[in-house]
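The structure under discussion appears below in the form of structure tokens.
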Amino acid sequence: MRHPYRHPARHLARRTLLALAGLGLAGAALAQAGYPSKPIRFVVPYPPGGPTDLMARLLQPELQTRLGVPVLVENKGGAGGNVGSAEVAKQAPADGHTLLLAASGPMAVNGSLFRNMAFNALTDLAPVIQISSFPLVFEVHPSTGIKTVKEFIARAKAQPGGFSFASAGSGTPQHLAGEMFGKAAGVKLSHVPYRGAGPALNDLVGGQVQVMFDVLGSSLPFIQSDKLVALAVTSAQRSPSLPKVPTMAEAGLPGFETTAWHGIVVRAGTPEPVIAKLNSTLNAIFKEPAFRKKWEALGTPVVAGSAAQFGQLIRTESVRLGRVVRESGATAD
């Protein structure tokens, strides 16, 4: 029988590895325990009033209470979400004290849409958690007199370029949905980009523009008060909030499906234990029944989950939506 310490060098190496592993676990625990150590900036890459801003302002007090430090929401709009996203990706410290409310536009679309990007969403930002999956609603101003998608297509074909559609900016889900619709329906629509969904929706309600694909939660009050007319939703199933409004497939465009999603990311290089603490904190927030009710009133189900799951979504959507951009011929204005 061999003595267990016959190979001292091998035994020493084993003890060293175990010690290093122990130090790693201790370091992770210390990183979680010491975070956060100062106020947290919560960057929203769009102006106030849109769905992205509303989500941040719902989460802000919850995060502040659970993390024990002030959480300050900052709106940094511009270039379809690129301005605020680039600031976090390139200028923020990689320590978890700057969060970005990341939208599908700058995270998965803009890299294919803009010729010059100041950041790479796949390498410069680290996923924390997915927080939404919104259907869009295809809507028009009541002054058009249009009630169905079929009527809209007929009018648009009779008046090429006669309709302008608003979006929250180039590369946003609203923009991409409009481009997808034009290609699928065989009509030409003029794109009017805004610096966020809030200003775009205000002009749609005011009649300055006639058409928009918007996140359902933002437009629902205006649809319910007859200030806007909903023609279809872009999800695979009808929305419980608008059960009488058909899907795009039901309205005559089979295969037309798109959603807007959001999540929270930090600058790449942020320690994994810090990301893990943020993820667990946010998952706990989304498990609270009272908070879930407020969240779902925005028009999205609670998504949550792991950082790895959100990272996979970003990678998959970058490929899928990049292909949609190329096939539609959409470009940044």
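Quick notes on this structure:
- Surface/4 of the Cα convex hull for region 84-241, nm²: 10.3 nm²
- Shape analysis of region 150-235 yields a ratio of the Cα radius of gyration to the Kirkwood radius, Rg/Rh, of 0.93.
- Were the residues from A236 through K147 laid out at 0.36 nm apart, the gain over their Cα-Cα distance would be 30.0 nm.
- Region 241-313 shape via C-alpha gyration tensor axes, a/c threshold 1.5: oblate
- Here Rg and Dmax of the Cα atoms in Å was calculated from the structure, and among [x] 19.8, 72; [y] 23.1, 93; [z] 22.9, 72 it sits at label [y].
- Based on C-alpha pairs under 8 angstrom that are at least 6 apart in sequence, the chain has a relative contact order of 25 percent.
- Carbon + sulfur, % of accessible area of the chain - ligands and nucleic acids excluded, 1.4 Å: 56 percent
- Region 272-332: C-alpha gyration tensor shape, a/c 1.5 cut-off, then a/b vs b/c: oblate
- Relative contact order for region 179-333: 20 percent, from Cα pairs under 8 Å spaced at least 6 residues apart, divided by residue count.
- Length released on extending from S225 to T123, taking residue separation times 0.36 nm less the Cα-Cα span: 32.3 nm
- Of the chymotrypsin sites (Phe, Trp or Tyr not before Pro) in region 260-324, not one is in a loop by DSSP (not H, G, I, E or B) with at most 13 other beta carbons within 10 Å.
- Estimated FRET transfer efficiency when R0 is 30 angstrom, pair A158-R326 (beta carbons, to 0.05): 0.55
- Computed from the Cβ-Cβ distance with R0 of 41 Å, the FRET efficiency linking S37 to R115 stands at 0.55.
The values are calculated or read from the model by the stated rules, or taken from the named source; none is laboratory data. The structure displayed is predicted, hence computed values, not measured ones. Cβ sites come from the backbone with ideal geometry, for glycine too, and all protein chains shown count toward neighbours. Note: accessible area is taken over every heavy atom of the protein model, side chains too, but ligands, DNA and RNA are not part of it. Shrake-Rupley method; radii C 1.70, N 1.55, O 1.52, S 1.80 Å.
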